[in-house]
Amino acid sequence: MPFALNIAIQMDTAVYDSLYLALAVTQGRQLVTADQKFYNALKNSTFASYLLWVEEI
């Protein structure tokens, strides 16, 4: 939970969304998302490698 909160604060995203991202990061997996606002907020960040836009599947 603290990791997700740190992501949310650092990236100015919702904690709810950041929980899923934190899980993906800790498991070394990618998070597939259709949330364009969330994706756009993170696509150029250090977390970009953990995100996958739903249309790229």
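Starting from 0.36 nm per residue, how many nanometres of slack lie between M1 and Q27 once their C-alpha separation is accounted for?
Additional length available on full extension: 7.9 nm.
Using unit Cβ charges (K, R positive; D, E negative) and no other charged atoms, how large, in debye to the nearest 20, is the dipole of the chain about its Cα centre?
Its charge dipole is roughly 120 debye.
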- Extreme residue, positive dipole direction of the chain, given options L23, T13, V54 (C-beta unit charges): L23
- Item | Spin-label model distance (nm) - T46 vs Q10, 7 Å beyond Cα toward Cβ | 0.4
- Measuring from the longest principal axis of the C-alpha atoms of the chain, the long axis of helix 15-27 (C-alpha) lies at a number of degrees, nearest 10, equal to 80
- Task: Can you tell me the 0 to 90 degree angle between the C-alpha axis of helix 2-11 and the longest principal axis of the chain, rounded to 10?
- Result: 70
- Report, to two decimal places, the Cα Rg of the stretch 2-56 normalised by 2.2 N^0.38 Å (N = number of residues). 0.98
- Item | Ranked list, fewest to most other Cβ atoms within 10 Å of each Cβ, for Y50, Y39, Y16 | Y16, Y39, Y50
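Coordinate-derived values only; no laboratory data. None of the values given here were measured: they were computed from a predicted structure. No Cβ is skipped: glycine too gets one built from the backbone with ideal geometry, and neighbour counts run over all protein chains shown.
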